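K.L.:
There's a structure below that I have some questions on.
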Amino acid sequence: MTKLVIKTIAITLASLIGALAVTFGAMALFAPKALGELFDGAGNYSATVFFYEKAYEKSGDINDLIILADKIDIANDLENAKDCYKELVEHKDFNSYCESKGENAQSEKDYYIGNYALALAKSGQFSEGLSVALNNAKTSYGAFNPIRILIYEYLTADMTENITATISAVESIEISGNYIDIDKEYLQNLLG
């Protein structure tokens, strides 16, 4: 009798595990965004990013890419961040997505381009990051301009060559504003 009970429990448990595996596999194939949300709620960074990336690969939708970009941690996942932000700022719908934010359109654009420039700089590609930031700064130089992200979140006093390059970039901008003057002064102070 005990063998029958143990056998029944084992079969039931195996069936339950099999059903869970099939369900998880189906969700991974057909609803990766739902799994991303599930793992995000559980606090599992790696699985969250993995499934949000799968959701974007499946849909190609900029909104899925935005969700992924917002979840990526630049400090601890630099290569993924660099690839994701590059994909985002080069996406065919990036400008229209930013414009859909109305009066916050420029801030939205500055935020994502700034993160891309920062990821490039942190991965040893400062001149590329500065170039990306400068291309965005030619039309607007507000409080959250990508060059300002590089200045205040990346540059330190011992980066003389990068500071000099940033000063040249800021001086090449043909628009004027308080933030440009503030940044020039700050950069000069960094040089000493």
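The values are calculated or read from the model by the stated rules, or taken from the named source; none is laboratory data. This is a predicted model, so every value here is computed, not measured. Because the Cβ atoms are built from the backbone with ideal geometry, glycine has one as well, and the counts that use them run over all protein chains shown. Note: areas computed on protein heavy atoms with side chains; ligands, DNA, RNA excluded. Shrake-Rupley method; radii C 1.70, N 1.55, O 1.52, S 1.80 Å.
K.L.:
For the chain, what number of Lys pairs, 8 or more residues apart or on separate chains, have alpha-carbon atoms under 12 Å from each other?
P.N.:
4
K.L.:
Taking 7 Å along the Cα-to-C-beta vector as the label spot, tell me the ALA157-ALA28 distance in nanometres, rounded to one decimal.
P.N.:
5.2
K.L.:
A further question on this structure: Can you compute the FRET efficiency between ILE17 and LYS92 using 1/(1 + (r/R0)^6), with r the Cβ-Cβ distance and R0 = 45 Å? Round to the nearest 0.05. Spell out each step's value before the answer.
P.N.:
On the way: r = 43 Å, r/R0 = 0.96.
E between ILE17 and LYS92, to the nearest 0.05, is 0.55.
K.L.:
Related question: Round to a whole number: what % of the accessible area of the range 39-192 belongs to carbon and sulfur, probe 1.4 Å? Before the final figure, lay out the partial values.
P.N.:
Numbers: 3620 of 7950 Å².
Whole-percent figure for carbon plus sulfur exposure: 46.
K.L.:
Taking only the alpha-carbon atoms of the chain, what semi-axes of the equivalent ellipsoid follow from 5 times the gyration tensor eigenvalues under a square root, in whole Å, largest first?
P.N.:
On the way: eigenvalues 454, 67, 25 Å².
Value: 48, 18, 11 Å, ordered largest first.
K.L.:
I'd like the FRET efficiency for ASN63 and TYR186, computed as 1/(1 + (r/R0)^6) with the beta carbon distance as r and R0 of 35 Å, rounded to 0.05.
P.N.:
Here the calculated transfer efficiency is 0.45.
K.L.:
Keeping every protein chain present and rolling a 1.4 Å probe, give me the accessible area per residue for the chain in Å².
P.N.:
57
K.L.:
Helix hunt in the chain: which complete DSSP H runs extend at least 27 Å axially by C-alpha with mean Kyte-Doolittle at least 1.0?
P.N.:
Details: long enough: 2-30 (42 Å, 1.78).
Flagged H segments are 2-30.
K.L.:
Sticking with this one: Kindly state, to the nearest 0.05, the FRET efficiency for ASP73 paired with GLU174, given R0 = 35 Å and r defined as their beta-carbon distance.
P.N.:
Efficiency computed from Cβ-Cβ geometry: 0.45.
K.L.:
Return the inverse of the average 1/r over all pairs of distinct C-alpha atoms in the range 97-192, which is the Kirkwood hydrodynamic radius, in Å to one decimal.
P.N.:
Averaging 1/r across every pair of different Cα atoms and inverting gives 13.3 Å.
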